[in-house]
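The structure under discussion appears below in the form of C-alpha cells.
Read the figures in this text as sums done on the coordinates, not as results from a lab. Just so it is clear, the model here is predicted, and its values are computed rather than measured. All Cβ positions, glycine included, derive from the backbone under ideal geometry; neighbour counts span all protein chains shown.
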2 protein chains.
Amino acid sequence: MRPSKRDELVRRALEIFYRDGFHATGMDSLAAETGISKTTMFKHFRTKDDLILAVLRLRDENFRNWMFRKLEEFDLPPREQLLALFDVLAEWFQEKKFKGCMFIKASAEFQEKTHPAYVQSAEHKRLLHQAFKSIAEKAGARDAGLLARQLLILKEGAIVAAHMSFDPDAAQAAKLAAQVLIDTQIPVK
Amino acid sequence: MRPSKRDELVRRALEIFYRDGFHATGMDSLAAETGISKTTMFKHFRTKDDLILAVLRLRDENFRNWMFRKLEEFDLPPREQLLALFDVLAEWFQEKKFKGCMFIKASAEFQEKTHPAYVQSAEHKRLLHQAFKSIAEKAGARDAGLLARQLLILKEGAIVAAHMSFDPDAAQAAKLAAQVLIDTQIPVK
DNA sequence: TTTAAAATGTACCGATCTGTTCATTAATTC
DNA sequence: GAATTAATGAACAGATCGGTACATTTTAAA
C-alpha cells in the first residue's frame with residue numbers, strides 16, 4: 001500500500017487539529033504524536049497550510065457522508081428527515097470527543113476571507129445548505145431556501161451552544177424549534 | 001490620567017485580537033500596532049493570557065451594554081423586545097468590522113474547559129441567557145427558559161452564518177423564525 | 001523645582017515555530 | 001537479488017514566540 005501513509009497522516013492530523021486547534025498544534029508535536037516523521041510530512045505537503053486544507057477536505061467528506069447516511073438510515077419522508085437532523089446532532093453532541101464544528105473553528109482561526117481554509121469552510125456550509133434545501137423542496141416547503149437557511153441557523157447555533165456548554169440539551173431545544181418552523185412552512189398535503 | 005494607559009491597551013488589544021485572532025497576534029506586533037511598549041504591557045499584565053482575559057471582560061461588558069441599551073431604546077413591550085434582538089443583530093452584522101462573536105472564537109482557540117478564556121466565554125453566554133429568560137418571563141412565555149435557549153440558539157447560529165458569509169441575511173431569517181417561536185410560546189393576552 | 005512614578009527603547013533569554021538538509025534504513029517493484 | 005522508492009532520525013536554519021533586564025526619558029505630583 002503506497003498512498004496509505006499520506007492518508008494516515010491526514011486522518012491523525014484531523015483528530016489532533018480538531019482536539020487542540022490549528023495554531024496551537026505545531027508540526028513537531030504532530031510528528032511526535034503520530035509517529036510520522038516531519039520529513040515525511042513535508043514530503044507529502046509543502047506547507048502546514050496544505051496539510052490543514054487536506055484535513056478540512058477529509059472532514060467535509062466524512063461529516064457530510066456521516067450525517068446524510070444517518071438521515072437515510074431512518075428511511076423517513078422528506079418532512080420528517082428535516083426534523084431527524086436534530087436527532088443526529090444530539091448523537092454527535094454526546095460523543096466524548098465532541099469539540100464543536102471544525103469549520104467554525106477554522107474560520108475563527110483563519111479570518112481573512114481569501115484564506116483557503118476560510119474559503120473551504122464557507123464552501124462546506126454552502127454544500128449543507130444546498131442539501132437541506134433539496135430536502136425541503138421535496139417536502140413541499142413554501143420557500144425551501146429560507147427554511148433550509150433557518151434550519152442551518154438552528155444547527156450552527158445548537159453546535160455553538162453545546163460546545164460552549166451553556167446548553168447541554170441544545171439539540172433538543174433546536175428540534176422543538178425546527179418542528180414549529182416546519183409545521184408553519186410546509187403545508188400538510 | 002494614570003490608569004488610562006492600561007485601559008487604552010485593553011481597548012486596542014480588543015480590536016486587534018478581534019480582527020486577527022488570539023494565537024495569531026503576538027505581543028511584539030501588538031506593541032508595534034498600539035505604540036505601547038512591551039515593557040509597559042508586561043508591567044500591567046503578567047502574561048498574555050491575563051491580557052486576553054481583561055480583553056474578554058471588556059468585550060462582555062461592552063457587548064451586553066450595547067445590546068441591551070439598543071433594546072431599551074426601542075421602548076417596546078417584552079414580547080416585541082425579544083424580536084427586536086434580531087434587528088440589533090442585523091445592525092451589527094452590517095458593520096464593516098464585524099468578524100463574528102469574540103467568545104465563540106475564544107472558545108475555539110482555547111478549548112480546554114478549564115481554561116480561563118473558555119470559562120469566561122461560557123459565562124458570557126450564560127449571562128445572555130439569563131437576560132433573555134428574564135424578558136421572556138415578563139412577556140408571559142409558557143417556558144421562559146426554553147424560549148430563551150431557542151432564541152439564543154438562533155442568535156448564535158445567525159452570527160455563525162453571517163460570519164462565514166454563507167448567509168448575509170441571516171439576521172432576517174432568524175427573526176422570521178423567532179417570530180414563529182414567540183407566537184407559538186407566548187399566549188396573546 | 002524637586003521627587004517620585006510611569007513609560008520607553010533596546011537588547012536579550014530560551015523555547016518554539018515552519019521548513020530544510022542529508023545520510024541512513026525500510027519497504028516495494030522488477 | 002538488484003534497483004528504486006519511501007520513510008526515518010537528527011541536526012540545523014531563520015524567524016517568531018512569550019517574557020525579562022536595565023538604563024533612559026517622559027510625565028505627573030509635591
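Centre-to-centre separation between the Cα atoms of segment B:158-189 and those of segment B:21-56: 37 Å. Label-point spacing at A:PHE68 relative to the other copies reads 4.5 nm, in ascending order, each point sitting 7 Å out from Cα along Cα→Cβ. Axis angle, to the nearest 10 degrees, between helix A:116-138 and the longest C-alpha principal axis of chain A: 30 degrees. The mean count of C-beta atoms from other chains within 10 Å of the C-beta of residues in A:107-114, rounded to a whole number, is 6.
Decide, for the protein assembly as shown, between rounded, prolate and oblate: order the square roots of the alpha carbon gyration tensor eigenvalues as a ≥ b ≥ c, take rounded if a/c falls under 1.5, and otherwise choose prolate if a/b is larger than b/c, else oblate. Each step should come with its number before you reach the end.
Working: a/c = 2.17, a/b = 1.13, b/c = 1.92.
Note, shape of the protein assembly as shown comes out oblate.
Put simply, the convex hull of the Cα atoms in chain A casts, on average, a shadow of 12.1 nm².
Calculated mean residue ellipticity at 222 nm for chain A: -25000 deg cm²/dmol, from DSSP H runs with n ≥ 4 weighted as -39500 (n - 2.57), summed, divided by the residue count and rounded to 500.
The number of Lys pairs in segment B:1-79 with C-alpha atoms less than 22 Å apart, excluding pairs fewer than 8 positions apart on the same chain, is 4. The simple spin-label model puts a point 7 Å past each Cα toward its Cβ; for A:HIS115 and B:GLU80 those points are separated by 4.2 nm. In percent, rounded to a whole number, the relative contact order of chain A is 21, using alpha-carbon pairs under 8 Å and six or more apart. Sorted ascending by nearby beta carbons within 10 Å, beginning with the fewest, A:LEU14, B:LEU82 become A:LEU14, B:LEU82. As a calculated quantity, the FRET efficiency between B:GLU33 and B:ASP183 at R0 = 35 Å, using C-beta atoms, amounts to about 0.15. Let's test the formula: R0 of 45 Å, r as the Cβ-Cβ distance of B:ARG12 and B:SER134. What FRET efficiency results, to the nearest 0.05? With a Förster radius of 45 Å, E is 0.85.
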